[in-house]
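One structure is given below, encoded as structure tokens.
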Amino acid sequence: MYFRQIFLSASLTAIIASVIFSLYQFFFISPLIFAAEVYEVAEPIASEQAEPWGPEDGIERFFFTWLANFLMSLAYSLLLACAMAYRGPSSALKGLAWGIGAYLAIFVAPSLGLPPEIPGMDAADLGSRQNWWLLTVTLSATGLAVLVFSPRYYKGAGAILILLPHLIGAPTPDLHGFSHPDPTAVQALTDLWHQFVLQTSIANALLWLIIGSTTGFLCQRFIDRISPLQPTD
């Protein structure tokens, strides 16, 4: 019973969130990526090496972008719906608070060490960045949960958990910024990067506000009517 209601709530949330998020990307973020790709220095490809497949620009690229956003939104919505059903009771306002917390843990905290990147930007080893991102998200989410839900004498531990990945430090590339040989191109890429960071921050905030508030509303409609998983505090 619970799984069906949670999955229904998460699916409806994911459809709404992914459509709005994808449209925002299409109008405000994709043009910045396309503009940055113009400045990429092409690397020679061996004649016997096949070029990797990629969706064509236009409808095909938008569809696959939406599909990826839908699957991502579905996963996030499932996690949030499970957490809210466990804590219960739910509401759109409570969901909004959960969404803000998730935005801080999943986007803001990792971005302090690993800001969003555009094409042509030097970056550290992918594996190192993924490991640090996962560590940061896990510790930030745990730290926020401790700050919000734990007794007062545990809250200091929550703050330490949030700060720990930043004390460890994010992996950094040997060269920072852009390696393009043309200074004019570097300046153009830097301007595009600043806009990209701003727009991705807004887009992810919008995504989490929609996921949070919609999940809270749907959990209130479909899940709170069922007997709670456990007595609430």
Keeping the other protein chains in place, figure out the carbon and sulfur percent of the accessible area of the chain, with a 1.4 Å probe.
68
What accessible area per residue comes out for the chain, rounded to a whole number of Å², with a 1.4 Å probe?
59
Using every alpha carbon pair in the chain, what percent of pairs falls into each 10 Å bin from 0 up to the bin containing the largest distance?
7, 25, 32, 22, 10, 3, 0
How many angstrom lie between the Cα centre of the stretch 130-147 and the Cα centre of the stretch 166-206?
23
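The values are calculated or read from the model by the stated rules, or taken from the named source; none is laboratory data. Since the model is a prediction, treat every value here as computed from it, not as a measurement. To get the accessible areas, we keep the full protein, side chains included, count just its heavy atoms, and leave off ligands, DNA and RNA. Shrake-Rupley method; radii C 1.70, N 1.55, O 1.52, S 1.80 Å.
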